[in-house]
Structures are given as structure tokens and as C-alpha cells.
Amino acid sequence: MRVTLLLAATAVACLASTTVATAQSSTSVPVEVASPVVQPIRASKIILVGDSTTAVAGGWGPSFCARHVTSFLTCVNLARGGRSSGNYRTEGSWDIALGEMASPGYVATYVLIQFGHNDQPGKPGRSTDLATEFPANLKRYVEEARARGAIPVLLTPLTRRQFIDGRLQNDLEPWAEAVRRVAAETATPLVDLNASSDAAVQALGPVMSARFAQAIPLPEVGAALLTGTTIPAAGAAPVVPGPVLPPIQNNATVEPMGQAKLAFDYTHLGSEGADFFAAMVTRDLVLAVPALRRLLIL
């Protein structure tokens, strides 16, 4: 009996000794915790340069920036209504864009450039010569963007939505072709928005594509859509003597230099049109610049 009690007492003493040693070891020796490895962010930037069909009010740009870029792609919309490849520079807007290209912290900066609507004739202070000034202006934009370390991307101009006898009147095709030539000559990525939007609007027709506008048309304008021939968006065309010709809208009067306005026309975009063409630009941009795929939301 005495032997059993002695063995039990010895075991308890050994256990107590081990517990104390363990406790002393855990409190006397500090344990170092490794700091987590922080990976630096690799963000890029995309800058939108152009006219009202890209700008905040009336263009596809707002939907593109809001719905199609990830948090690793800063989207800056510097497009302005009423601007051409000429007066966008002379007024100083391009200088602002160049400043954005120079901001530090980005691994890549892309510049999307879309002009053409206001380079057409009939817009004093804005129009440029199609054969000389317009392509020269685009080439200069490309060269200066590259000099700042940015990656330029040229876009052909978004089509208007005017029809005659059910056929889309794509009056911007000559300017689109000039953009294509400049892109080929300068080895610049191209988003052929004119071709893509032309095909889509023609397929939808005058009635369905009218939903892309900022406001509903006047009753007589809406009725004309059903005939397949659009009339000036401000109302019915005046009756004039002579042969009956399809009425043509004066785009210079509905695409002013002043403040953006919400009205029905065949050029500017409401929210549905902005969403539609922003998705189109995103899809075509991924094909033109594959490196952007991980930064864009299709």
C-alpha cells in the first residue's frame, strides 16, 4: 500500500514539474509572427477623348465607365459635346488629356480617341478638311499619346440613325474610312464602331433604333419612323415647291457647341442607347487590345 501511494505521489510531482516548465517556456520565449507579404497594386487607366457621342451627357462613355471596367482600370471620360479633332485641341481639352496620361502609379494608360461628327462640313469653328486636316489631327493625337507613354486606340465615329426608305444613311462613312487608314498607317489598334453600329442600327430599323435617343419623338416624327424614312427631329419638314425629296435633318443645328440638352434626335444617346453601344465598344475593344480583357467586363 505504501509503495502504491509513493508511486502516485511521484507521478503527480513529475506532471506538475512538466506543466510548470511548459508554462515558463511559453511565457519567457516570445513567438514572432511573420508579416503578410503585400503585393503592390497593378492598376491601369483608360481615358476617353471625343465628342458628344462619347461624352457624359449623350454618349456611350458613361455606361462604359460605370458598367464595363473593373476596379483595376480607372476610367476618365474627357469627351466633350460639339468637339472635333480640331477644336478639341485648340480649346485646351487635349492638354488636360495629356496631363492625365502623365499621372503616376499606373502600369499602363490607354487613350480611346473618337472624332468625326463635328469634323463634317457646316459647323464653323469645328469642321476640318476630310482629306488633309482630319487625318493629320488624328496622327498627331496618336504620336503625342505615345510620347507620353500611353497606348492610343482609334475609334471610327458612331453612326447616326437617319433612314430613307428603310435604309440607314450612314453619312459618317467617309470619316470612318479616314480613321481606318490612319490606324493602318500608324499601326494603332482600331475599334470600328461605325461599322458595328451601322450593322446593328440597320438591323433594328428606324422604329427600334429610335429607342436609343435621349427623349421620345414628337408625334409626327414618330409617325414618320413607321414609314421607314425619318424626318427632322424637331418636327415635320416644311413643304416647299418642286419635286418631293426625303427631308434631311441639318445635323449642325442639333449638335451644338453649347450645354448638353435632353431631346430627341438621331445622334445622341439616352440610357438605353448608351448601354447598348458601350457593350459594343467593350466587345470590340477586347478584340482590338487583348491585353485589356482582364480589365473589362463583357
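Full extension of the chain segment joining Asn250 with Ser93 gains 53.9 nm, where the gain is 0.36 nm per residue of separation less the Cα-Cα distance. Taking a ≥ b ≥ c as the square roots of the eigenvalues of the alpha-carbon gyration tensor, the stretch 73-191 is classed prolate because a/c is 1.5 or more and a/b outweighs b/c. Taking square-rooted eigenvalues a ≥ b ≥ c of the alpha carbon gyration tensor, is the stretch 140-192 rounded, prolate or oblate, where a/c under 1.5 means rounded and, failing that, a/b exceeding b/c means prolate? Prolate shape, in that a/c is at least 1.5 and a/b is the bigger ratio. How much length, in nm to one decimal, is gained on full extension between Glu220 and Ala57, taken as 0.36 nm per residue of separation minus their Cα-Cα distance? My answer for the length gained is 56.1 nm.
Rounded, prolate or oblate: pick one for the stretch 114-166, where a ≥ b ≥ c are the square roots of the eigenvalues of its C-alpha gyration tensor, a/c under 1.5 means rounded, and failing that, prolate if a/b is larger than b/c, else oblate. The shape class here is oblate. Across the stretch 73-203, the relative contact order, built from alpha-carbon pairs under 8 Å that are at least six residues apart, equals 24 percent.
So, R0 is 30 Å and r is the distance between the beta-carbons of Arg148 and Arg180; what FRET efficiency does that work out to, to 0.05? Efficiency at R0 = 30 Å is approximately 0.80. Between Asp129 and Ala34, the distance separating the two model label sites (each 7 Å from Cα on the Cα→Cβ line) works out to 6.8 nm. Near Thr74, once Lys and Arg are set to +1 and Asp and Glu to -1 for all other residues with Cβ below 12 Å from its Cβ, the sum equals 0.
Summary value for the stretch 22-150: 27 percent relative contact order, contacts being C-alpha pairs under 8 angstrom separated by 6+ residues.
What net charge do the residues around Leu298 carry, taking every other residue with its C-beta under 14 Å from that of Leu298, with Lys and Arg at +1 and Asp and Glu at -1? So the surrounding residues net to +2.
Quick note: the coordinates plus some simple rules give every number you see, no bench work behind them. Here the structure is a predicted model, which is why all the values come from computation and not from measurement. Using ideal geometry, Cβ is built from the backbone for each residue, glycine included, and neighbour counts are taken over all protein chains shown.
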